[in-house]
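> Take a look at the following structure, please.
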Amino acid sequence: MKRAGIIMVLGSIFLLGIFVFPLWNIRLGAPQYPEPLGINIYINGLQGENEFDIQNIDGLNHYIGMKTLPKPEDMWEFSVFPKVVALMAGIGIVIGLLSVFIKISPTWFLIWFVSMSVLGALGIYDFNLWLVDYGSDLDPNAIMKLVNPDGTPMQYNPPLIGHKKLLNFDAFSYPRAGGILLGIGIILSLVAYFVGKKSQSST
Amino acid sequence: MKIRILLINCFFIAALAFMVSCGQAGEKNGNGALGTSIAEKVYVAPGERDEQYGFLSGGYSGNLTVYGLPSGRLFKEIPVFSQFPTSGYGYSEETKPMLNTSFGFIPWDDLHHPDISQTNGELDGRWIFANGNNTPRIARISLSTFETEEIIEVPNSAGNHSSSFITENTEYVVAGTRFSVPVPQKDMPIKEYKSNFKGALTFIAVEPEHGHMDIKFQLLMPGFNYDLSHPGRGKSHGWFFFSTYNTEEASTLLEVNASQNDKDFIAAVNWKKIEEFVNNGGGTKMPANYAHNVYDESTHTAKSTMKTEVLTVNPSDVPGAIYFLPTPKSPHGCDVDPSGQYIIGAGKLSANITVHSFDKMLAAIEAEKFDGDAYGIPIINYDDVLAGSVQSGGLGPLHTEFDGRGNAYTTFFISSEVVKWKLGTWEVVDRKPTYYSVGHLMIPGGNSRKPHGKYLVAMNKITKDRYLPTGPEMEHSAQIYDISGEKMELLYDFPTHGEPHYAAGCNAELLVENSKKIYRIDENNHPYGIKSPADARVERDGNEVHIYMSTIRSHFTPDNIEGIKVGDKVYFHITNHEQDFDVPHGFSMIGQGTSEILIMPGQTKTSLWEPKRVGVWPFYCTDFCSALHQEMQGYVRVSPAGSNIELAWSLDE
Ligand SMILES: [Cu+2]
């Protein structure tokens, strides 16, 4: 049970990686942008991969009438998400330590895992909503109005994950260190549950 | 009759034989080129980059051109001494001071010899220096912005030709005068040239951190013509060598009268000795009037300051600092090999190349073996300083460079060829024709201790038959040779702009990393710059109107301005708010008596317009910046002088 607790604490600490590393990255490349433009998505705001990428992406997006990319104060997510993750990491560390010292049931790990997974899924859902909103809520006075072959207005949201062609741009969307650590942290809590369960049945 | 037929037949046969042989020769050439991989050696596929940069002087264009090697592709023309409408250099208010001189605004010069800055005798890629020949000036160009940052005028000088070569730690850039003149200038009979005119060899100190130039001292030499020069290196570091002609001191029909002496001189100057003399308070301050123009990258603005004094040194005051090395037949080139041992003098009326030995020179000085003196400057005995001579059989050697493997390459102007020979044995290894009158040649890094030794660029004065004709004048040509093997191989020729007198080259890696991509808006300290489009405004100060304007793809802020009057001086101060590589915006105003300006990302430039007619006049962006570039425009309403229309400006109202 001691081992499971340590794994739980470790997993919870991994969560804190999002305060250092970006969660996600969206990169836009095209033949005329041999050095692609990139946005790193942090838990508390957006940052260009290179210093002026955000400004330059906004510059391109204004042709299709897309809103400028949000500043931290423009979205509640950037202030709420860090608190939620910090809280969950704290709880994770506490129950991990508790299991080391006073042997609480590994079910706590499972409860933590399920709640964190739900929160994570909600986060990804929210992120996707945001992408779709940015890609489709366009200024009606936009300079360029493009339609799909079926006549519906073109949407410019990058993919949630993977690659998508946006006009002449190749958009790539993938998790970065913060997001990967978050995932590993969540999985570790599940591992802690099984390890704890196994050690319980063997004693 | 029979005889006639026979003769005609003979003629036909002869002609046929000639044609066949020509055809064969032509075919052979064709097969030769196709049979080898010559084309591959210069082909740089789309998206790939050249190995090296070549900076070719533009001569009478006043500018410097940047080529890729080995492709020969022209990348850029850098304005240095000439107004340049492509960017507005010399037209914008910020850059006009760059072309200020003691004669006033001089928007042109004759740029001859570029040289890249060095540290420990190796190219360091910080700056490139270039000389203006006509109104003597030296320019320093930044190799991170590829813009001219500083120009210093050289007083007491004329025909600033033996320049702008630099010592191996960029301690000095020299500006030797080709024409001797009265110093200080005065009204006197030209006939009295002899012993009255002086040749100023100017040593300009380069401040190591920012490269700022300042004349340290001027050596007032006898009234010869100082043609080319070269710093010593390695063991001869501390010395500078200048070739001379017209040691006859003739003042008319020099074509004949300056070619009378069988030998002229290479002047060997121990600049360390003179520097020491000057540092100890030696030399004479002389009133002078010359401009020093410095461009500040943070204010994007040049400032011209007039200097009033120059420190001159009389050679006889520093005994043991200057010697003359006799060199046959009006030497032009004066080149020092990478080890610093050999000083090569190319007598342009000679068939042979003269090589002096630095060690022998020191020994002769030590032993005081002199062959008289000229104006008190000791002349070393020719045989005591001669290392050897290359019996080439070519005609008119001009200039020599080195490959770093013990070989030297000399251009022959009259016989139009490049001759490769071995240092030390003086034997000719190879010779290749150039096409019409080669001048100088360049091996990247050739003017340093470490030449790259892979390519050689020969710069030719005449181009006929090489390219499609373009009227009576063709652009000059450069030819690139592969010199990596024993035999040279002609790879390619490409046209150059202006007249390429000399060039400097370096590996691409040396510059690519440091090349600037944008100017940062937050570091823009231009007094009329604005940090954001929200600060755009128009202000009147008497009859001066200052427009603080912003550009961003694809509009000007403001785009409509009213309240301007005939007779106003309207200054458009335009800040480009892009922070993206290679996205300049342009600006031009109808009827403007100047050029457009091209403003780099993050930069501010000012264009002056003096409206002469009432009306509503458009301006627009001159650089195709985006899909909506055509929409990047605006209007200025001009009212009669004395009308009381209020200043007003707007965007999207
Ligand atoms: Cu534009």
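The values are calculated or read from the model by the stated rules, or taken from the named source; none is laboratory data. Keep in mind that this is a model prediction, so the values were computed, not measured. All Cβ positions, glycine included, derive from the backbone under ideal geometry; neighbour counts span all protein chains shown.
> Would you confirm whether any residue within region B:495-508 is of a type in the set (D, E, K, R), modelled with pLDDT under 95, at negative phi and buried (at least 21 other Cβ atoms within 10 Å of the Cβ)?
The answer is no; no qualifying residue exists.
> Quick one: in region A:24-56, which of the residues that are outside any strand (DSSP E or B) and of a type in the set (A, V, I, L, M, F, W, C) is nearest to residue A:73 (Cα to Cα)?
Within region A:24-56, the match that is nearest to residue A:73 (Cα to Cα) is A:43.
> Got at least one residue in region A:193-200 being in contact with a Leu (Cβ under 8 Å, 6 or more places away or on another chain) and either of a type in the set (A, V, I, L, M, F, W, C) or not in a helix (DSSP H, G or I) (or both)?
The answer is no, given that none of the residues of region A:193-200 is in contact with a Leu (Cβ under 8 Å, 6 or more places away or on another chain) and either of a type in the set (A, V, I, L, M, F, W, C) or not in a helix (DSSP H, G or I) (or both).
Conditions tested, residue by residue: (1) of a type in the set (Gly, Ala, Ser); (2) at pLDDT below 95; (3) not in a loop (DSSP other than H, G, I, E, B).
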position	(1), (2), (3)
B:286	no, no, yes
B:308	no, no, yes
B:338	no, no, no
B:344	no, no, yes
B:360	no, no, yes
B:363	yes, no, yes
B:368	no, yes, no
B:372	yes, yes, yes
B:384	no, no, yes
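> Any residue at all in region B:528-545 that is over 20 Å from residue B:94 (Cα atoms), surrounded by fewer than 21 Cβ atoms within 10 Å (Cβ to Cβ) and within 14 Å of chain A (Cβ to nearest Cβ)?
yes
> Continuing with the same structure: Looking at region B:490-508, which of the residues that are in contact with a His (Cβ under 8 Å, 6 or more places away or on another chain) and among the small types (Gly, Ala, Ser) is nearest to residue B:474 (Cα to Cα)?
B:498
> Please give the number of the condition residue A:142 fails out of (1) away from every other protein chain (no Cβ under 14 Å); (2) at pLDDT below 90; (3) surrounded by 15 or more Cβ atoms within 10 Å (Cβ to Cβ).
Here residue A:142 clears every test but (1).
> Considering each residue of region B:571-599, count those that are away from chain A (no Cβ under 14 Å), touching a residue at least 40 places away in the same chain (Cβ under 8 Å) and part of a loop (DSSP other than H, G, I, E, B), and give that number.
Of the residues in that region, 4 qualify.
> Among the residues that make up region A:144-167, is at least one of them in a helix (DSSP H, G or I) and under 21 Å from residue A:33 (Cβ atoms)?
Looking through region A:144-167, none of the residues is in a helix (DSSP H, G or I) and under 21 Å from residue A:33 (Cβ atoms).
> Output yes when any residue across region B:321-329 is more than 13 Å from residue B:230 (Cα to Cα), crowded, with 24+ Cβ neighbours inside 10 Å and either touching a His at 6+ places or on another chain (Cβ under 8 Å) or basic (Lys, Arg) (or both), and no when none is.
Yes: one or more hits.
> Right, here's the next one. So which residues in region B:600-649 are more than 16 Å from the ligand (Cβ to nearest atom), on the phi < 0 side of the Ramachandran plot and outside any loop (DSSP other than H, G, I, E, B), if there are any at all? Give the steps one after another, and end with the answer.
Pass one, region B:600-649, residues more than 16 Å from the ligand (Cβ to nearest atom): B:606, B:608-617, B:635-649.
This time we only want the ones that are on the phi < 0 side of the Ramachandran plot, so: B:606, B:608-614, B:616-617, B:635-641, B:643-649.
Within region B:600-649, B:606, B:608, B:609, B:616, B:617, B:635, B:636, B:637, B:638, B:639, B:648, B:649 meet the criteria.
> Given (1) away from chain A (no Cβ under 14 Å); (2) under 38 Å from the mean Cα position of the chain (by Cα); (3) touching a residue at least 24 places away in the same chain (Cβ under 8 Å), where does residue B:555 come up short, assuming only one miss?
(1)
> Turning to a different aspect of this structure: Quick one: count up the residues across region A:46-60 that are closer than 25 Å to residue A:82 by Cβ and either more than 9 Å from chain B (Cβ to nearest Cβ) or surrounded by 16 or more Cβ atoms within 10 Å (Cβ to Cβ) (or both).
10
> For region B:600-653, which residues satisfy the criterion of being within 14 Å of chain A (Cβ to nearest Cβ), at pLDDT 95 or above and touching a helix residue (DSSP H, G or I) at 6+ places or on another chain (Cβ under 8 Å)?
Passing the criteria: only B:602.
> Now for a different question. Could you give me the residue pairs with C-beta distances under 7 Å whose first residue belongs to region A:32-45 and is within 13 Å of chain B (Cβ to nearest Cβ), whose second residue is surrounded by 14 or more Cβ atoms within 10 Å (Cβ to Cβ) and not in a strand (DSSP E or B) wherever it lies, and which are 6+ apart or on separate chains?
Filtered contacts from region A:32-45: A:37/A:53; A:37/A:56; A:37/A:57.
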